[in-house]
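Reviewing the structure listed below.
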Amino acid sequence: PNTICPPSDREEFRRRLTLARQYGFNYVRHHSWTPPEEYLDVADELGLMLQPEFPFAYGWDLPKSEAARRAALEQWEAVIRLNRNHPSIVTWCMGNELYNSFDLAPEMYRAAKRLDPTRPVIDSDGCSFKHQSRETLDFMVVQFGEGSSIGFQDGKYNLPADIAKPVVGHEMGYFVTLP
């Protein structure tokens, strides 16, 4: 946002999201936050697909005490209850780059499926192929190595033969991938 918090103006969100649609985007990942009601309403109207994320950005954001774990689970459930009637939301995501998952993830996963069994749930936007058996990932969001490969006919994006879940690329197109 251009301000300290997002605007609450539907027309501003309509302007921004219409521009994104004109550029060809149809899926928006919200890194570690859930947009406000006005944004969700406009996304519903425009037919965008959204992935809000609970604000566990990395391992250091995870709750440490039992009280913090209970509070996090209550907040997760509240976010889902509040927003589950928005057709634009297509995935519930618990956080960013929690590669090896976390202790509370199975309970959060079960809560999401109980409150909204219609949508896929992932415990992390960012995992690796070795995590495919994790039950808290309905699909995998894999960060392909950003090393010296740019992904053009070099095998960078080849999937292992035994992958049984859908795979989405995580944070693709970094400038560091260009020669």
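Computed from the C-beta positions of Lys165 and Thr3 and an R0 of 30 Å, the FRET efficiency is 0.15 to the nearest 0.05. Only the Cβ atoms of Lys and Arg (+1) and of Asp and Glu (-1) were treated as charged; on that basis the dipole of the chain about its Cα centre amounts to roughly 240 debye. From helices alone, the chain scores -9000 deg cm²/dmol at 222 nm; the rule is -39500 (n - 2.57) for each run of n ≥ 4 DSSP H residues, then divide by the residue total. Per-residue extension of 0.36 nm, minus the Cα-Cα distance of Glu37 and Lys113, leaves a gain of 25.2 nm for this segment. Among the lysines of the chain, pairs that are 8 or more positions apart or on different chains and have alpha carbons within less than 20 Å of each other number 4.
For segment 7-74, the solvent-accessible area of protein heavy atoms averages 57 Å² per residue (probe radius 1.4 Å; ligands and nucleic acids excluded). Within the accessible area of segment 80-165, the carbon and sulfur atoms contribute 52%, probe 1.4 Å, all protein chains present.
Between Leu82 and Phe139, the simple spin-label model (points 7 angstrom out along Cα→Cβ) gives 2.6 nm.
Stretch Asp44-Phe152 to full length: gain in nm at 0.36 nm per residue minus the Cα-Cα span?
35.4 nm
The values are calculated or read from the model by the stated rules, or taken from the named source; none is laboratory data. Source: prediction; values computed, not measured. Heads up, the Cβs are rebuilt from the backbone with ideal geometry, glycines too, and the neighbour counts pull from every protein chain shown. Heads up: the accessible areas ignore ligands, DNA and RNA and are worked out on the full protein's heavy atoms, side chains in. Shrake-Rupley method; radii C 1.70, N 1.55, O 1.52, S 1.80 Å.
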